[in-house]
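Trainee: Take a look at the following structure, please.
The values are calculated or read from the model by the stated rules, or taken from the named source; none is laboratory data. These numbers come from a predicted model, not from an experiment. Note that we place each Cβ from the backbone using ideal geometry, even for glycine, and neighbour counts take in every protein chain shown. Each accessible area value is taken on the protein alone, full model and side chains, heavy atoms only, with ligands, DNA and RNA left out. Shrake-Rupley method; radii C 1.70, N 1.55, O 1.52, S 1.80 Å.
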Amino acid sequence: MLRLQYKARRQAVGRQEREAGSEAVCRRAYPFLKALRERHGRPLHLCAYFPFGNELDITAVLLDSRKRGDVVYLPRTDAASRTMSLHPWTEHTVLTTGAFGLQEPGPEAERLDPEHWDKLDAIFVPGIAYDRQGGRLGLGAGYYDRFWHAYLEALDRAPLERRRADSAVRLACIYSWQLAERVPMEPHDIAVEWLITEDEIIACAAAAELPLTGKNGGRE
């Protein structure tokens with residue numbers, strides 16, 4: 001019921017609302033990613049996605065990140081197994097239409113092997129509704145939930161010299177109306193640590209320790 005409610009709300013988003021919301025959210029995301037770069041002392045490796053339909057558009061953030069030297073990976077979905085592979089997105093990447101009408105790298109695109117998923121510094125997690133505790137409601141196919149658990153397994157298998165103390169930051173760029181009072185979660189569901197809306201940046205998890213300062217409870 002909650003999924004249907006929020007899907008209907010997204011369907012009602014007009015062009016002006018989408019453009020204004022996307023611009024405002026991207027404006028907040030730039031300093032967030034800058035802080036993450038400063039934390040690591042280098043360009044980032046980002047797992048992201050191309051928005052579709054009336055979904056909030058983060059393309060400007062991805063283009064800016066690429067310009068700053070970050071490596072952006074886009075997922076390619078496998079409908080049979082409902083799993084995802086990751087592929088570097090460059091100006092030469094050829095996109096095709098995949099699950100749900102998403103634009104994703106074609107079958108010939110270069111692939112990031114799972115044994116190197118430990119490179120990831122941040123994962124943009126799409127969804128239809130979220131809550132301030134980090135709960136997330138997806139579209140129901142479970143692609144990102146499966147990916148997250150496969151990613152954690154990849155971290156466990158990483159060589160000791162590459163093993164990191166923390167996992168990739170999980171964030172979502174969303175319209176403020178996508179915030180629900182509470183999203184029902186099951187043990188296998190992926191939660192997010194940070195939410196970026198038009199109005200604020202919300203720290204959902206105490207483990208997130210980015211040096212973000214400014215308005216909104218000291219985080220912006």
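Trainee: Quick one: in region 99-116, which of the residues that are buried (at least 16 other Cβ atoms within 10 Å of the Cβ) and within 19 Å of residue 172 (Cα to Cα) is modelled with the highest pLDDT?
Mentor: Keep residues of region 99-116 that are buried (at least 16 other Cβ atoms within 10 Å of the Cβ), which gives 99, 102, 104-105, 109, 112.
Keeping just the survivors that are within 19 Å of residue 172 (Cα to Cα) gives 102, 104.
Values: 102: 83, 104: 92.
The extreme case among them is 104.
Trainee: Return the pairs, sorted by first residue and then second, in which the second residue is open to solvent by 40 Å² or more (accessible area, probe 1.4 Å) and polar (S, T, N, Q), the first residue lies in region 188-204 and is under 16 Å from residue 26 (Cβ atoms), the beta carbons are less than 9 Å apart, and the residues are 6+ apart or on different chains.
Mentor: As it stands, the answer is 197/176; 198/176; 199/176; 199/216; 200/176; 200/216; 201/216, since those pairs meet every condition given.
Trainee: Name every residue in region 160-176 that is out of contact with any Gly (no Cβ under 9 Å at 6 or more places or on another chain) and modelled with pLDDT of 85 or more, in order of residue number.
Mentor: First pass over region 160-176, keeping only residues out of contact with any Gly (no Cβ under 9 Å at 6 or more places or on another chain): 160-169, 171, 173.
If the condition is that a residue be out of contact with any Gly (no Cβ under 9 Å at 6 or more places or on another chain) and modelled with pLDDT of 85 or more, then 167, 168, 169, 171, 173 are the ones that fit.
Trainee: Any residue at all in region 56-72 that's of a type outside the set (D, E, K, R), surrounded by fewer than 18 Cβ atoms within 10 Å (Cβ to Cβ) and touching a residue at least 60 places away in the same chain (Cβ under 8 Å)?
Mentor: no
Trainee: Collect the residues in region 15-54 that are modelled with pLDDT under 95, farther than 21 Å from residue 117 by Cα and within 16 Å of the chain's Cα centre (by Cα), keeping them in residue-number order.
Mentor: Those that are modelled with pLDDT under 95, farther than 21 Å from residue 117 by Cα and within 16 Å of the chain's Cα centre (by Cα): 51, 52.
Trainee: While we're here: Looking only at region 16-30, count every residue that is under 19 Å from residue 202 (Cβ atoms), surrounded by 15 or more Cβ atoms within 10 Å (Cβ to Cβ) and not hydroxyl-bearing (Ser, Thr, Tyr) and tell me the total.
Mentor: Number of matching residues: 6.
Trainee: Taking region 78-98 as the region of interest, how many residues are closer than 28 Å to residue 159 by Cα and surrounded by 15 or more Cβ atoms within 10 Å (Cβ to Cβ)?
Mentor: 7
Trainee: If I filter region 199-220 down to residues being at pLDDT 85 or above and in contact with a helix residue (DSSP H, G or I) (Cβ under 7 Å, 6 or more places away or on another chain), which single residue comes out as most open to solvent (accessible area, probe 1.4 Å)?
Mentor: 199
Trainee: Which of the numbered conditions does residue 196 fail, given that it passes all the others? Conditions: (1) open to solvent by 10 Å² or more (accessible area, probe 1.4 Å); (2) modelled with pLDDT of 90 or more; (3) touching a helix residue (DSSP H, G or I) at 6+ places or on another chain (Cβ under 9 Å).
Mentor: Just one mismatch for residue 196, condition (1).
Trainee: Just to be sure, is residue 130 surrounded by 12 or more Cβ atoms within 10 Å (Cβ to Cβ), hydroxyl-bearing (Ser, Thr, Tyr) and touching a Phe, Trp or Tyr at 6+ places or on another chain (Cβ under 6 Å)? Steps first, please.
Mentor: On the way: surrounded by 12 or more Cβ atoms within 10 Å (Cβ to Cβ): yes; hydroxyl-bearing (Ser, Thr, Tyr): yes; touching a Phe, Trp or Tyr at 6+ places or on another chain (Cβ under 6 Å): no.
So residue 130 fails the test.
Trainee: Taking the stated definitions as given, is residue 53 at positive phi and open to solvent by less than 60 Å² (accessible area, probe 1.4 Å)?
Mentor: In short, yes.
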